[in-house]
Amino acid sequence: MTSFTDGEWHRLHPLTPLLRGGIAFVAILGFFLYNLRDILIEEFFGARSGESEPLVWLYESEYFVLALIAIAVGLAVVIVGYYLAWKMNTFRITDEVVEVRSGIVFRRNRKGRLDRIQGINIGRPLLARLLGAARLEVNVAGQDANIKLDYLSSAAADELRGEILILASGSRIAAAAAQAPAPGGPVSLLDQRVAELLAPELDPNLAPPESVVQMHTGRLIGSLLLSGFSVFVLALIGGIIWGVAATGSYLFLIGVLPALIGTGSFYITRFTRSLRYSIAGTPDGVRIGFGLLSTSNETLPPGRVHSVQVTQPLLWRPSGWWEIKVNRASTSSAKGAAGQANTTILPVGNVDDVRKVLALVLPGLTDDASVELLTRGMLSKGGDDGFVNSPRRSRVWLWFSWRRNGFALLPGAVVLRQGAIWRQLTIVPQARMQSVALQQGPLFRALRLASVKVHTVAGPIVPSLGGIDADEATRFFREVADAAIASSTADTSHRWRSSENAPPLPVMPDAAPPVSAPPVGAPPAPSQNPDGVGA
C-alpha cells in the first residue's frame with residue numbers, strides 16, 4: 001500500500017459521500033416507498049389499500065411531471081454537491097504537520113503539528129464497519145484543533161495512525177518500516193470484510209498479553225447499577241409509586257413514560273459501548289479500545305498524560321472498584337467506553353487493574369517503592385503511611401478526611417491524596433506541570449494551615465490540596481518547583497522513538513502487599529528526607 005506520508009495530497013474513501021449522507025438518502029427513499037404503496041397496489045392489482053397518501057394525490061394531479069423534474073434536479077444537485085465535496089477534501093502528511101483542505105465555495109485549510117499530537121482515535125460505526133471504512137481523528141493540543149478524516153478504508157486508517165505516531169515520536173518511516181513484519185498475501189474483499197468484523201478489538205501481536213487490561217462483564221453491570229444515575233432512577237420509581245398510591249390514578253404515568261424509556265436506552269447504550277473494552281501498552285503508547293457493534297480505539301502517545309486521578313465512589317467501596325481519569329492537552333469528539341468524556345480511561349476496575357493501568361500511563365513509577373506508596377494512597381485510612389498528612393487542628397476544616405488528606409513526592413511525580421467518603425488519589429508527572437501555587441486565607445492563617453495547587457492543562461482533574469501544615473506546604477512548594485524544572489529539562493518521553501535505546505514496555509508489578517501498615521523498607525515520609533524531593 002502506498003504510504004500516506006509522502007507529502008502528496010490524498011483523497012478520502014470513495015464511499016465517504018454515502019457514509020456522510022447515506023442515512024438521509026435511505027430515510028428519504030423509505031418515505032417515498034411507504035407513500036407510493038397505493039400507487040403500486042393500484043397499478044398491479046387494480047385496487048386501493050385505503051386512504052390516499054400525499055404522493056398518490058400528486059400522482060393523479062397535473063403537477064406530477066413537474067414534481068418528478070424537481071425531484072430529479074434536486075437529487076442531481078445533491079449528488080454533484082457530495083461528489084465535489086469529496087473531491088475537494090484532501091489531506092497530506094509531511095515530516096512536520098498533518099494538513100487537511102476542504103470546502104467547495106469557501107475553502108478551509110487546517111494544520112496540526114506532529115509534535116503537538118496528543119492522541120489518535122479511530123472510530124468504526126456499524127455501517128462503516130460493514131463497508132470496510134473508518135474515521136480517523138488526530139487530537140492536537142489546543143482548543144478545537146483536532147484534524148478529522150471521515151472516512152478512510154479500515155486498513156488505511158490503521159496504517160496512517162502508525163505512520164503519524166512514528167513521525168510524531170521523532171523517528172522516520174523508513175527506519176520503523178525495516179523493523180515491521182512483512183505483510184501477508186492477498187485476500188479477497190469478502191474475506192477481508194469478514195476478518196475485520198470478527199477480529200478482536202486489539203491485535204494480539206500489537207501488545208504483550210501481560211500489559212492488557214480488560215473489563216469484567218459482571219463488574220461492568222455492577223458499576224452501572226451502583227452509579228449515581230441508578231440512585232436517581234430508584235428515586236424516580238419511588239416517586240411514581242407514591243404518586244399512584246396517593247392519587248389512585250395512573251394518568252400521570254403518561255408524562256414519565258418517556259423518561260423510563262430513556263433510562264432503559266441509557267443502560268443499554270452504556271453496556272454495549274463498554275463491551276470488548278481493553279487498555280494495553282504498545283510501542284507507540286497506551287491503546288484504549290471498546291465497542292460491540294460500533295467500535296472505537298485510541299492511542300495515547302508517551303508523555304501526553306498531564307495528570308492521573310484514581311477515585312472510588314462510596315457505593316463502589318464494598319466491591320473494591322475504582323475509576324481512572326486523565327488530563328490531556330486536547331479534547332476529542334469521541335466518547336469514552338461508558339459514555340463519559342474520553343478522559344476516563346478506566347470506567348471501572350479493581351486494585352490490580354488500577355495498578356496495571358498506572359504502570360502503563362506512568363511507566364516511571366513501576367518500581368516497588370512507588371507501587372507500594374500508590375497502593376497505600378488508595379487504601380490506607382491515613383496516619384504514618386508515607387504521606388505528609390494534615391495535622392489534627394485541620395479538623396475544623398476537614399471534618400472526616402483530615403487523616404487521609406496529604407501529599408507525597410516520588411521521583412518524577414507529585415501525589416495528592418484526599419477524601420474519606422469519596423476516596424481520591426491524584427498523580428501529576430513533574431515534567432508535565434505548568435506551575436505550583438501556595439495559598440493561605442484568614443482562617444488557614446489562624447490555624448497555621450495552607451493550601452497547595454499544582455497547575456496542569458485544563459481537564460476534569462484539578463490537583464489541589466487544602467488543610468496542610470503551613471511549614472510543610474512551604475517546603476512542598478519549594479521542592480516541587482525545583483523538581484519540576486529538573487524533570488522537564490531531562491524529559492524525553494514525548495520523543496519516544498528518537499533514541500536508539502528506547503525504553504521497553506513497562507513490566508507489570510506483582511500483587512500489592514497488605515496496606516494495614518507501612519511495610520519494612522517503605523520510603524520514609526517527605527518530612528524525614530529534607531535533602532531530597534522523593535519519598
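The values are calculated or read from the model by the stated rules, or taken from the named source; none is laboratory data. Here the structure is a predicted model, which means the values were calculated and not measured. Using ideal geometry, Cβ is built from the backbone for each residue, glycine included, and neighbour counts are taken over all protein chains shown.
For the range 424-453, the set of residues classified as charged (D, E, K, R) and either part of a loop (DSSP other than H, G, I, E, B) or crowded, with 23+ Cβ neighbours inside 10 Å (or both) consists of Arg432, Arg448, listed by residue number.
Residue-level analysis places Arg273 among those that are in contact (Cβ under 8 Å) with a residue 12 or more places away in the chain, touching a Ser or Thr at 6+ places or on another chain (Cβ under 9 Å) and either assigned to a helix (DSSP H, G or I) or surrounded by fewer than 23 Cβ atoms within 10 Å (Cβ to Cβ) (or both). Taken over the range 65-82, the criterion of being surrounded by 12 or more Cβ atoms within 10 Å (Cβ to Cβ) and either in contact with a strand residue (DSSP E or B) (Cβ under 7 Å, 6 or more places away or on another chain) or closer than 21 Å to Leu18 by Cβ (or both) is satisfied by Ile71, Leu75, Val78, Ile79, Gly81, Tyr82. Counting only helices (runs of 4 or more DSSP H) that sit wholly inside the range 117-216, those with at least 1 residues that are modelled with pLDDT under 70 are 173-179, 189-198. Across the range 270-327, what is the number of residues that are farther than 24 Å from Pro208 by Cα and of a type in the set (A, V, I, L, M)? So the answer is 4. Total residues in the range 85-109 satisfying the condition of being in a helix (DSSP H, G or I) and over 17 Å from Tyr151 (Cβ atoms): the figure is 0.
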